[in-house]
Each structure stands twice: as structure tokens, then as C-alpha cells.
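Notes follow once the structure below has been shown.
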Amino acid sequence: MAAFGRVSQALVRSFLVQNRRQLSAAAAGAHGEQSAKTWKILSFVVALPGVAVCMLNTFLKETHHEHEQPEFVGYPHLRIRSKKFPWGDGNHSLFHNSHVNPLPDGFEGHDE
């Protein structure tokens, strides 16, 4: 992964050194076509590999991370049900996740 970063940095450096005059002309607004081409190349050489590296980093960290269920604290001002939800049994929210979202009396499947 580090080698990929070094290669992409070397490509960017060589591109910027070769096109220094063209970049300054594009910044001045002299050549609109050249400016669009420059930004298109920079997007493919810098932005997309950067997004790919960030996605890979997140994926690898997530695969090695173990999720623990948070401790339930029954604060009286949280999870108030003044009326039932119009779906299911009326106690679960629409996007309910039994591992993360507790019901008013605690997590599901826990005998305490």
C-alpha cells in the first residue's frame, strides 16, 4: 500500500513539473480547454486513488474491529413512546438494529 502511494506521488510530481507553464496559464484563464484537461488529469491521478486508499483503509480497519454492545443506561428522558409506531409491534423504530438500538426496557435478548 505504501508503494502505491509513492508511485502516485511520483506521477503527480512529474506531471506538475512538466506542466508548470500550462498550469499557470490555466490559472490565468488563458486556455479554458487546457485548464479542463489539467483538472481532469489531476482528478484521475490524485482524487480517485486518494478515495480508493481511504476506502481500503476503512475496510481493513472495520474487518479487524470487534463490535461490543454498549452498556444500557435507562435514562427516563430517552426512548419515550407516547404512542406506538405504525409498523410491526409498535415498539421498534423503522430502522431498528437490535445490536445498537435498545428498546425502552433494554437491549433485546439480554436477561439481566
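Side notes on the structure shown:
- For region 34-98, applying the loop criterion from DSSP together with a ceiling of 15 other beta carbons within 10 Å to the chymotrypsin sites (Phe, Trp or Tyr not before Pro) yields Phe72, Trp87, Phe95.
- At most 11 other Cβ within 10 Å, DSSP loop - trypsin sites (Lys or Arg not before Pro), region 32-112: Arg81, Lys83, Lys84
- Rh (Kirkwood; distinct C-alpha pairs) - region 32-96, Å: 17.4 Å
- Amide H within-cut-off set for Leu103, under 5 Å, with H built and near neighbours excluded: Glu108
Computed from the coordinates by the stated procedures, all read-outs in this text should not be read as laboratory data. This is a predicted model, so every value here is computed, not measured. Reconstructed Cβ throughout: ideal geometry from the backbone, glycine too, with neighbour counts over all protein chains shown.
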